[in-house]
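Okay, structure first, notes after.
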Amino acid sequence: MSAPVTLAKYSIGVGDRFGRQAKAQLEACRLALAAGVEVIPVWNKSYREHSIIGSEPASTRRAADEAVAALGWNLAYHVDADHIHLGTVEAFLEPCDFFTLDVAETIGRPAPPERVEAFVDRHPELVGSVAVSGLDQPLETTADSLAAIARKYLLAVEEAGRIYRRIAEAKGAGNFIAEVSMDETDSPQTPVELLVILAAVADEGIPIQTIAPKFTGRFNKGVDYVGDVAGFECEFAADVAVLGHAVRTYGLPANLKLSVHSGSDKFSLYAPIRRALRRFDAGVHLKTAGTTWLEELIGLAEAGAEGLALAKEVYAGAWAEREALSAPYAAVIDIDPSALPDPAAVQDWGAEEFIGALRHDPKSKKFNPHFRQLLHIGYKVASRMGARYLDMLAACETAVARNVTANLFERHIRPLFLGNAD
Ligand SMILES: [Zn+2]
């Protein structure tokens with residue numbers, strides 16, 4: 001019996017829509033290691049991404065294994081079945097060792113009164129003032145408010161239990177990392193709700209190592225956080241304190257940590273998160289949002305004539321389909337159609353203009369978050385190009401890889417895990 005699969009303190013979820021950038025992504029973790037911090041890579045790809053691209057979960061595992069062998073990476077790495085549920089988990093069972101159990105759909109479906117009552121009876125410690133080490137004020141509840149939270153979340157946690165047990169039956173408990181995700185829902189969870197959810201998760205017997213709550217504010221794909229940064233810092237620190245309390249009180253795994261979804265490009269949050277992690281000596285999993293594919297476009301544009309022409313063609317295609325492409329992502333993008341440049345105008349752009357509009361440099365006047373978000377969800381257009389797109393990636397590999405690595409290391413790993421020079 002080998003040791004249980006355990007997620008390290010710091011880890012980064014990297015998406016790779018077309019499965020060609022695993023080496024360039026791993027290179028960013030190698031640079032982190034050289035700079036003095038272990039950041040474990042987790043390749044995540046959801047059922048939705050696989051279906052749009054037409055790829056299989058096994059291909060993510062293959063790309064990860066090949067990159068690890070090629071770079072001689074001898075620390076841990078994982079492959080994450082991202083946002084799966086009972087209906088979609090099967091194809092992920094063999095290749096994955098990390099499972100993000102998505103129960104957002106069940107949140108809010110009211111649990112039967114007798115189950116709520118049983119939960120409240122089982123947890124007298126959650127009624128009244130709950131002192132949590134690291135919080136200035138205790139969390140306050142009443143039997144009624146506890147029951148209301150239980151009513152809202154118990155069925156979701158039970159659903160997570162069903163998915164967990166299906167995976168454990170196939171892989172054996174201890175042979176995978178379990179995360180529960182609640183981020184793709186309408187309203188954020190408060191620290192009190194998080195504590196109740198964790199108590200229920202422990203009751204359900206799910207040894208989760210990460211949990212992805214929905215935080216206050218907007219976590220749009222591929223752009224910075226929109227919301228009150230100081231408020232976020234308080235909430236994040238309170239959540240970290242609550243996790244520590246739940247580990248001590250309910251016997252959840254000692255390495256339990258927060259998972260921040262849509263975590264790429266949240267530049268204004270990295271320093272606040274870093275401060276909270278230092279304060280509590282806690283870890284974090286930062287799941288990036290598939291923005292590696294945008295670095296592919298930047299690399300193509302940088303590489304020159306044909307690459308740039310293809311990148312413009314992707315934009316024109318995405319622009320033509322902007323409404324259909326946006327619909328499934330409505331909750332996580334904010335695109336103002338009037339701020340999108342006309343494809344005919346983009347035709348005349350040079351590489352510098354295209355890259356300037358796309359690259360996420362908030363200080364740059366050329367940066368256009370609408371242009372960036374549309375391309376972010378426009379990977380379907382590139383996917384339809386098939387071999388033409390993939391062959392161009394291969395032809396421009398040096399420029400593409402350089403951008404993929406620099407984006408992950410300089411704009412994400414460095415500010416979050418190492419701290420900026422400033
Ligand atoms: Zn998510």
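Bear in mind that the values in this text are calculations on the coordinates, not laboratory data. Bear in mind that the values here come from a model prediction, so they are computed numbers and not experimental data. Reconstructed Cβ throughout: ideal geometry from the backbone, glycine too, with neighbour counts over all protein chains shown.
Find, among the trypsin sites (Lys or Arg not before Pro) in segment 1-62, those assigned to loop by DSSP (not H, G, I, E, B) with at most 13 other beta-carbon atoms within 10 angstrom. Hits after loop and neighbour filter: nothing returned. Antiparallel beta bridges, as assigned by DSSP with both residues in the chain, represent about 10 percent of the total such bridges. If we count every other residue with Cβ under 10 angstrom of PRO188's Cβ, Lys/Arg +1 and Asp/Glu -1, where does the sum land? Local net charge: -3.
For segment 96-198, GluC sites (Glu not before Pro) meeting the loop criterion (DSSP other than H, G, I, E, B) and having at most 16 other Cβ atoms within 10 Å: none. What the phi angles of segment 76-92 give under the Karplus curve with 6.51, -1.76 and 1.60, with θ = phi - 60°, is a coupling list of 5, 7, 9, 10, 9, 7, 7, 6, 9, 9, 4, x, 10, 6, 3, 5, 8 Hz, glycine and proline written as x. Backbone geometry of segment 136-148 corresponds, through the Karplus equation with coefficients 6.51, -1.76 and 1.60 at θ = phi - 60°, to 3J(HN,Hα) couplings of 5, 10, x, 7, 10, 9, 10, 4, 5, 5, 4, 4, 5 Hz, x marking Gly and Pro.
Here the Karplus relation 6.51 cos²θ - 1.76 cosθ + 1.60, evaluated at θ = phi - 60°, turns the backbone of segment 224-240 into coupling constants of 6, 4, 10, x, 8, 5, 5, x, 4, 4, 4, 5, 4, 5, 5, 4, 4 Hz, with x for every Gly and Pro.
For the chain, the pair-distance distribution built from all alpha carbon pairs, in bins 20 Å wide starting at 0, is 27, 57, 16, 0 percent. With K and R counted +1 and D and E -1, the other residues having a Cβ less than 13 Å from that of ILE40 yield a net charge of +1. For ASP80, the residues 5 or more places off, or on other chains, whose built amide H falls under 5 Å of its own are TRP43, ASN44, LYS45. One decimal place: the segment ASP281-GLU90 gains 65.1 nm when fully extended, by the rule 0.36 nm per residue minus the C-alpha distance. Rg over Rh for segment 209-325 works out to 1.13, both radii taken from alpha-carbon positions and Rh defined as the Kirkwood radius.
Using a simple spin-label model with pseudo-atoms 7 Å out from Cα toward Cβ, LYS366 and ARG122 lie 5.8 nm apart. Charge tally for GLY87 (other residues, Cβ to Cβ under 13 Å; Lys, Arg +1; Asp, Glu -1): -1.
Of LYS152/LYS214; LYS287/LYS363; LYS214/LYS266, which sit over 18 Å apart, Cα to Cα?
LYS287/LYS363, as the Cα separations exceed 18 Å there.
Residues ASP82, ASP228, arranged from fewest to most other Cβ atoms within 10 angstrom of their Cβ, appear as ASP228, ASP82.
Measuring between alpha carbons in the structure, the pairs from LYS9/LYS365; LYS257/LYS312; LYS221/LYS257; LYS9/LYS221 lying more than 31 angstrom apart are LYS9/LYS365; LYS257/LYS312.
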